[in-house]
Amino acid sequence: MVLSKTVSESDISVHSTFASRYVRASLPRYRMPENSIPKEAAYQIINDELMLDGNPRLNLASFVTTWMEPECDKLIMAAINKNYVDMDEYPVTTELQNRCVNMIAHLFHAPLGESETAVGVGTVGSSEAIMLAGLAFKRRWQNKRKAEGKPVDKPNIVTGANVQVCWEKFARYFEVELREVKLRDGYYVMDPEKAVEMVDENTICVAAILGSTLNGEFEDVKLLNDLLEVKNRETGWETPIHVDAASGGFIAPFLYPELEWDFRLPWVKSINVSGHKYGLVYAGIGWCIWRNKEDLPEELIFHINYLGADQPTFTLNFSKGSSQVIAQYYQLIRHGFEGYRNIMENCHENAMVLKEGIEKTGRFNIVSKDHGVPLVAFSLKDRSRHDEFEISDMLRRFGWIVPAYTMPPDAQHVTVLRVVIREEFSRTLAERLVLDIEKVMYQLDALPSKLPPPPPPAPLVKKKSELEMQKSVTEAWKKFVLAKKTNGVC
């Protein structure tokens, strides 16, 4: 006789997760569950839900790195449990950060002597780097104004309307007036001349963007520097420049080495760059580099003494992972100048392939520039039946994540689609994307328009000749006079 046993609800020895009760029950979403579940079930349930996310490699909205070599992945996982702030315990990791800072400072032509170390810090991204740079500018401006016996209650910063939202956060969080140079049709970056016109004695710095988020274009930092040189000399002010090179800082040195945008310009005092963009590291690493020690007020720096040496620290947060710092060092020594140049050239060439393919469809205007961050921004020539948002939505059916967005003031009537070309975006993918865009346009042509019909044109009023005008006036007077006679007035 064979004895059978029924598995109880609490039995966790079931071999298959999909044969267990954990895939039948709905898990709590907003409160911690009362009971534990097996690790296999927890993994499977979470992994299955994450399948509904988009594919990071096909996320063409993002500038952030989505692929690294397996060897670097191993280094990241090996350091995943290291807290970067524990400098006593992890002095080698701190040393690797210092090496990165010096390599990037030299890449940006910081005026350093042979044995002089660079002034800079690793951050969790360019947003933190910009906050730190802004605080340094504000404190230097305050110190100078106090020494002159002048008020310090109305600091301002001048930027273009195309800046990333972190600049607005800095202005709001740290009580600095944000003065934005408005955009205009066909010119989607800050105009240096208009920016310098906004500068006054309370301006803590002018922020220039090396690689606009909107269309990848580099702003003219050299012209801005020259204009500020004249204004500073005429007024006695010392208005500096910060370069937000979040996207372009790891592009310009390799593709456009003759372009003057960095510390070669005397009024550029600090630069931020995102290691997790074209620095080729996963999300979570940025860098802020100062021209020299005088540009970073000492009172903002905290000093930690470990292993007999002084370790200065200047960050907004405390704990953070070490993995991204180690990954950045890996990429810098793995690729070297030659490797970065080859990668950036590939990105640029694939961007040109995509641009030419989109132009050949005859349906779009190209908004981006060939000179700048490797991306393609484009807008519809004919928006009478469908718009860019519909194209973005339909491209998702093919797996592509391509954002559609409107430009900032005063170009908010312009809507564009944008494709960012990263290291792992090959020519094959570029050609496939063009084919899928053509399919989407064909499908949209067969669909009824979702846009409201345009208002009917105003009726045309035929302009009367001078003779006709005289006749109409005479007739009006005749009617008026006859009416008066009838009423017995005259």
(message) Please enumerate, by chain and number, the lysines with C-alpha under 19 Å from the C-alpha of residue 471, excluding those fewer than 8 residues away in the same chain.
(response) 462, 463, 479
(request) Calculate one ³J(HN,Hα) per residue across the range 187-200 by plugging θ = phi - 60° into the Karplus curve 6.51 cos²θ - 1.76 cosθ + 1.60, and present them in order as whole Hz with x for glycine and proline. (result) 9, 10, 10, 5, 7, x, 5, 5, 5, 5, 4, 7, 6, 9
(request) Quote to one decimal, in nm, the extra length available between residue 356 and residue 179 on full extension: 0.36 nm per residue of separation minus the C-alpha distance between them. (result) 60.0 nm
(message) Tell me the angle of helix 91-107 to the major Cα principal axis of the chain, expressed in degrees between 0 and 90 and rounded to the nearest ten.
(response) 40 degrees
(message) Sequence gap at least 6, Cα distance under 8 Å: using those rules, report the relative contact order of the chain to the nearest whole percent.
(response) 18 percent
(request) Skip the ligands, DNA and RNA, and give the accessible area per residue of the chain with a 1.4 Å probe, whole Å². (result) 55 Å²
(message) Can you compute the modelled spin-label distance between residue 443 and residue 103, with each label point 7 Å from Cα toward Cβ, in nm?
(response) 4.3 nm
(request) Determine ³J(HN,Hα), in whole Hz, for all residues of the range 262-272 in sequence, where each value follows from phi through the Karplus function 6.51 cos²θ - 1.76 cosθ + 1.60 and θ = phi - 60°; x replaces Gly and Pro. (result) 10, 6, 5, 8, x, 8, 7, 9, 7, 9, 10
(request) Just tell me which lysines come within less than 22 Å, Cα to Cα, of residue 222; anything on the same chain fewer than 8 places away is out. (result) 182, 194, 231, 269, 369
(request) Measure nothing but the geometry: give the 0 to 90° angle between the long axis through the Cα atoms of 323-360 and the longest principal axis through the Cα atoms of the chain, rounded to 10°. (result) 30 degrees
(message) Need one number: convex hull volume per residue for the range 74-335, Cα atoms only, in Å³.
(response) 134 Å³
(request) Step through the residues of the range 47-52 one at a time and calculate ³J(HN,Hα) from phi using the Karplus curve (6.51 cos²θ - 1.76 cosθ + 1.60, θ = phi - 60°), rounding each to whole Hz and writing x for Gly and Pro. (result) 4, 5, 5, 5, 4, 7
(request) May I ask you to give the percent of accessible area on the range 337-446 that is carbon plus sulfur, with a probe radius of 1.4 Å? (result) 47 percent
(request) Could you pull out the pairs from 138/293; 82/169; 381/439; 355/381 whose alpha carbons sit more than 19 Å apart here? (result) 82/169
(request) Give me the angle, in degrees from 0 to 90, between the Cα long axis of helix 221-235 and the longest principal axis of the Cα atoms of the chain, rounded to the nearest 10. (result) 80 degrees
(request) Divide by every residue of the chain the summed helix terms, -39500 (n - 2.57) for each DSSP H run of at least 4, and state the resulting mean residue ellipticity at 222 nm, rounded to the nearest 500 deg cm²/dmol. (result) -12000 deg cm²/dmol
(request) Using only alpha carbon pairs under 8 Å that are at least six residues apart, calculate the relative contact order of the range 337-446 and give it in whole percent. (result) 30 percent
(request) Mind listing the long-range amide H neighbours of residue 123? Cut-off is under 5 Å, sequence gap 5 or more, other chains count too, H placed in the peptide plane at 1.01 Å from N. (result) 286, 287, 288
(request) Bin width 10 Å, alpha-carbon pairs only: give the P(r) of the range 337-446 as whole percents, running from 0 to the bin holding the largest distance. (result) 14, 47, 30, 8, 1
(message) Within the range 173-262, what whole-number % of the accessible surface is contributed by carbon and sulfur, with the 1.4 Å probe and all protein chains included in the calculation?
(response) 47 percent
(request) Normalise the Debye intensity by I(0) for the chain, one equal point scatterer per Cα, no solvent, then take log10 at q = 0.05, 0.06, 0.10 Å⁻¹ and round to two decimals. (result) -0.30, -0.41, -0.89
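The values are calculated or read from the model by the stated rules, or taken from the named source; none is laboratory data. Quantities reported herein were computed from a predicted structural model and do not represent experimental measurements. Neighbour counts are summed over all protein chains in view; Cβ atoms, including those assigned to glycine, are modelled from backbone coordinates with ideal geometry. For the accessible areas, the whole protein counts, side chains as well, though only heavy atoms, and no ligand, DNA or RNA atoms are used. Shrake-Rupley method; radii C 1.70, N 1.55, O 1.52, S 1.80 Å.
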